[in-house]
1. Compute, for Phe60, the solvent-accessible surface of its heavy atoms (probe 1.4 Å) with the complete set of protein chains present, and express it in square angstrom to the nearest 10.
2. Keeping the other protein chains in place, figure out the carbon and sulfur percent of the accessible area of the chain, with a 1.4 Å probe.
3. Could you pull out every one of the lysines with an alpha carbon less than 21 Å from that of Lys85, ignoring same-chain neighbours closer than 8 positions?
4. If you take the alpha carbon radius of gyration of the stretch 50-97 and divide it by 2.2 N^0.38 Å, what ratio comes out, to two decimals?
5. Roughly how many Å² is the accessible area per residue of the chain, as a whole number, for a 1.4 Å probe?
6. How would you rank 81-89, 68-76, 46-54, highest first, on the average number of other Cβ atoms within 10 Å across their residues?
7. Could you give each residue of the stretch 29-36 its phi-based ³J(HN,Hα) in whole Hz, using Karplus coefficients 6.51, -1.76, 1.60 with θ = phi - 60°, and x for Gly or Pro?
8. Give or take rounding to whole Å, what are the principal axis extents of the alpha carbon atoms in the chain, in descending order?
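The values are calculated or read from the model by the stated rules, or taken from the named source; none is laboratory data. Because the structure is predicted, anything quoted here is derived from the model rather than measured. Quick reminder, even Gly has a Cβ in these numbers, built from the backbone with ideal geometry, and neighbours come from all protein chains shown. Only protein heavy atoms, including side chains, enter the accessible area calculation; ligands, DNA and RNA are left aside. Shrake-Rupley method; radii C 1.70, N 1.55, O 1.52, S 1.80 Å.
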Amino acid sequence: NKMGASAIAVTRGVKGVASYSDKQVVEIPSLLQTSVDRVGAGDCFLALSSICFVRTRSIFLSTFIGAVAAAMGVQIIGNKEPVMKAPLIKFVTRLFK
């Protein structure tokens, strides 16, 4: 309330992520059972979820895309490579099959 935020997200490691707004609560579980390197997963989440939220204003979509980015990020050792668009779309497609 003090910051005037319309939404907030809380990453919870292996428990996934929870996002809250005035109208909605969204909980996305961890999308992978194993990880190579957890460092930077929150950064991946923040980077993509914030862009998605600004573009769509959808708390569900931004939380989901951020969770996918975090899941992809834990499969990359260190900052060896960024989360790229094509693999992200492929990951989402596999989740819905």
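1. 100
2. 59
3. Lys85 reaches Lys97.
4. After normalising by residue count via 2.2 N^0.38 Å, the value is 1.18.
5. Per-residue accessible area for the chain comes out at 72 Å².
6. 68-76, 46-54, 81-89
7. My calculation for the stretch 29-36 gives x, 4, 8, 10, 8, 10, 9, 8 Hz in order.
8. Ordered largest first, the chain gives principal extents of 37, 27, 21 Å.
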